[in-house]
Structure formats: C-alpha cells, structure tokens
C-alpha cells in the first residue's frame, strides 16, 4: 500500500478518519516515495514545529519503506498532472504532491491510502476500499 501525505497527516493530527487510516498503516505493507516523504515532512513541520520526530516515529512504527523517486516516477507524475492536475478541467484536480504519490502507486500497481476525494477520480486503487488492504468502505 502506498501512502499519500494526506493519510499520514490525518493520522498524526488525529483527524476523524485518523484511527482507521492508522490501523491500515499498522497492518499493511506500506511504502512512500522519497519525494512524498519530503512533502509530508514539510507539511508536518509547518503544522507542528515542536514535534518533528513524530513523523519519523510513525513511519518507523508502521515499517514504511521509502522508495527512491526515479525518472520513471517523474514521467508518471508529469503525465498525471497533465490528465488529472489542477487546471486540467478533470474533477480530480491533483496538486503537485498528489502527483508524486500517484506516480508510485501507478508504477507499483498498489492501492493508495489517502484522504479526500481527489484520487477517487483517477485510475488509482483506493486502499480504504481495496479488498487486499481495507476494513470496509471508504470513510464518508
């Protein structure tokens, strides 16, 4: 299962769906691209500058593997932005960071753990409702 920044931040900030997402992270094999890790770290540090170690602790606890961001991933991210990106007219309206997560999920074929609805408008599998990873339907 690939992790998007939105899911990790939801767990760290104890958002409504944080416990369910945390359970999925704790029980599934998880990966995140190095590029997404940078984005996630920036978002976390901006929101909670007094606890930068919490992100590393969560990723260690869940045994999340950090995957290199390759030139193939870059091509997939660019293609995703052209099709699904903000300003494309597509309902997904992915941002830059979303495209980084999309690229690893697309490359590996693994489902993506995320919050919100943006990725539901793409061809990426939703880990919240994927029979291989989920405990039930995606949260409302």
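The values are calculated or read from the model by the stated rules, or taken from the named source; none is laboratory data. What you see is a predicted model; the values in this text were computed from it and never measured. All Cβ positions, glycine included, derive from the backbone under ideal geometry; neighbour counts span all protein chains shown.
Restricting attention to region 63-95, which residues are in a helix (DSSP H, G or I) and either closer than 20 Å to residue 1 by Cα or in contact with a strand residue (DSSP E or B) (Cβ under 8 Å, 6 or more places away or on another chain) (or both)? Don't jump to the end; show me each part of the working.
The initial filter retains those residues of region 63-95 that are in a helix (DSSP H, G or I), namely 71-84.
Result: 72, 73, 74, 76, 77, 80, 81, 84.
For region 107-118, what are the residues that are assigned to a helix (DSSP H, G or I) and at pLDDT below 95?
Residues of region 107-118 assigned to a helix (DSSP H, G or I): 107-108, 118.
Within region 107-118, just 118 meets the criteria.
When you scan region 81-88, do you find a residue that is in contact with a helix residue (DSSP H, G or I) (Cβ under 8 Å, 6 or more places away or on another chain), closer than 20 Å to residue 124 by Cβ and in contact (Cβ under 8 Å) with a residue 60 or more places away in the chain, even just one?
Our first condition is that a residue be in contact with a helix residue (DSSP H, G or I) (Cβ under 8 Å, 6 or more places away or on another chain); within region 81-88, this holds for 81, 84-85, 88.
Retained after the next criterion (residues that are closer than 20 Å to residue 124 by Cβ): 81, 84-85, 88.
With the extra rule that they be in contact (Cβ under 8 Å) with a residue 60 or more places away in the chain, the set shrinks to none.
No: region 81-88 contains no residue that is in contact with a helix residue (DSSP H, G or I) (Cβ under 8 Å, 6 or more places away or on another chain), closer than 20 Å to residue 124 by Cβ and in contact (Cβ under 8 Å) with a residue 60 or more places away in the chain.
Just to be sure I understand, how many residues within region 75-104 are at positive phi and surrounded by 19 or more Cβ atoms within 10 Å (Cβ to Cβ)? Give the steps one after another, and end with the answer.
Narrowing region 75-104 to residues at positive phi: 87, 89, 93.
Narrowing the set further to residues that are surrounded by 19 or more Cβ atoms within 10 Å (Cβ to Cβ) leaves none.
Count: 0.
If I ask for residues that are in a loop (DSSP other than H, G, I, E, B) and either in contact with a strand residue (DSSP E or B) (Cβ under 6 Å, 6 or more places away or on another chain) or buried (at least 19 other Cβ atoms within 10 Å of the Cβ) (or both), which ones from region 29-44 would you list?
Filtering region 29-44 down to residues in a loop (DSSP other than H, G, I, E, B) leaves 29-30.
Across region 29-44, the qualifying residue is only 30.
Among the residues of region 45-65, is any closer than 20 Å to residue 120 by Cα and in contact with a helix residue (DSSP H, G or I) (Cβ under 6 Å, 6 or more places away or on another chain)?
No - not one qualifying residue is present in region 45-65.
Can you tell me which of 52, 91 is over 26 Å from residue 29 (Cβ atoms), modelled with pLDDT under 95 and more than 17 Å from the chain's Cα centre (by Cα)? Reasoning before the result, please.
Values: 52 fails: over 26 Å from residue 29 (Cβ atoms).
So the residue among 52, 91 that is over 26 Å from residue 29 (Cβ atoms), modelled with pLDDT under 95 and more than 17 Å from the chain's Cα centre (by Cα) is 91.
Looking at this structure, is residue 56 under 15 Å from residue 7 (Cα atoms), part of a helix (DSSP H, G or I) and free of Cβ contacts under 8 Å to residues at least 60 places away in the same chain?
yes
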